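Each remark here refers to the structure printed beneath this line.
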Amino acid sequence: MKTECEFDISDVLTKPLFAHLATTSPDGPRESPIWFLWEDNALWFVSTTASSFPKRIQNDSRCAVGIIDFDANARHLLHVGFRGNATLAELDNDRLERLLHRYIGTPTEWDNDFKKNIIDNLDLMIKFTPTSIVARDQSY
């Protein structure tokens, strides 16, 4: 894997930030902001089979992902960019819980409506395996 990192990317990848997943479609590029988990040298996302981005991944596995850690008051700006391939994977409930814990806490802390309307509908995972990583410190 090609890497060009100006800092330890785990500083960014352990925070509950949004990843921006770029995929292709017959109508051009698409971008999806999603929660992620960095585990086993891959980014993991969750979705439903009814969502559009898993369908695009099935048609073309090549993707790009950008994650930004930004604090304007501290003049802190870290960017991690990935290029690679994504595959659809079976929903792993343990991994799902670890991913969601980063954003919304333990299952006992989950909002009932959010659980019913969103979490209970999740039925697949996406594994993004990077072929290159670029990490830039653009703080000012």
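Can you tell me which residues in the stretch 120-140 are open to solvent by 30 Å² or more (accessible area, probe 1.4 Å) and closer than 12 Å to R83 by Cα? Within the stretch 120-140, T129, T131, V134 meet the criteria. Selection of the stretch 61-82 for residues being acidic (D, E) and either in contact (Cβ under 8 Å) with a residue 40 or more places away in the chain or in a helix (DSSP H, G or I) (or both) yields only D69.
Taking the criterion of being hydrophobic (A, V, I, L, M, F, W, C) and either closer than 22 Å to I133 by Cα or assigned to a strand (DSSP E or B) (or both), the residues of the stretch 83-105 that qualify are A86, L88, A89, L99. If you take the residues of the stretch 23-60 that are in a strand (DSSP E or B) and open to solvent by 80 Å² or more (accessible area, probe 1.4 Å), which of them is nearest to L96 (Cα to Cα)? Within the stretch 23-60, the match that is nearest to L96 (Cα to Cα) is E31.
Is it fair to say D111 is open to solvent by 30 Å² or more (accessible area, probe 1.4 Å) and over 17 Å from the mean Cα position of the chain (by Cα)? Considered against the rule, which asks whether it is open to solvent by 30 Å² or more (accessible area, probe 1.4 Å) and over 17 Å from the mean Cα position of the chain (by Cα), D111 comes out as yes.
Each residue in the stretch 10-22 was checked for being in contact with a strand residue (DSSP E or B) (Cβ under 9 Å, 6 or more places away or on another chain) and either in contact (Cβ under 8 Å) with a residue 60 or more places away in the chain or open to solvent by 70 Å² or more (accessible area, probe 1.4 Å) (or both), and 8 pass.
Tell me which residues, restricted to the stretch 23-37, are touching a residue at least 12 places away in the same chain (Cβ under 8 Å), over 14 Å from M125 (Cβ atoms) and not basic (K, R). Of everything in the stretch 23-37, those that are touching a residue at least 12 places away in the same chain (Cβ under 8 Å), over 14 Å from M125 (Cβ atoms) and not basic (K, R) turn out to be T23, T24, S25, S32, P33.
Evaluated against (1) part of a loop (DSSP other than H, G, I, E, B); (2) crowded, with 17+ Cβ neighbours inside 10 Å; (3) among the aromatic types (F, W, Y), F7 falls short on exactly one condition, (2).
The values are calculated or read from the model by the stated rules, or taken from the named source; none is laboratory data. All of these numbers come straight from a predicted model, not from anything done at the bench. Virtual Cβ from ideal backbone geometry, glycine too; neighbours counted across all protein chains shown. Ligands, DNA and RNA are stripped out before the accessible areas are found, and what is left, the full protein with its side chains, is counted by its heavy atoms. Shrake-Rupley method; radii C 1.70, N 1.55, O 1.52, S 1.80 Å.
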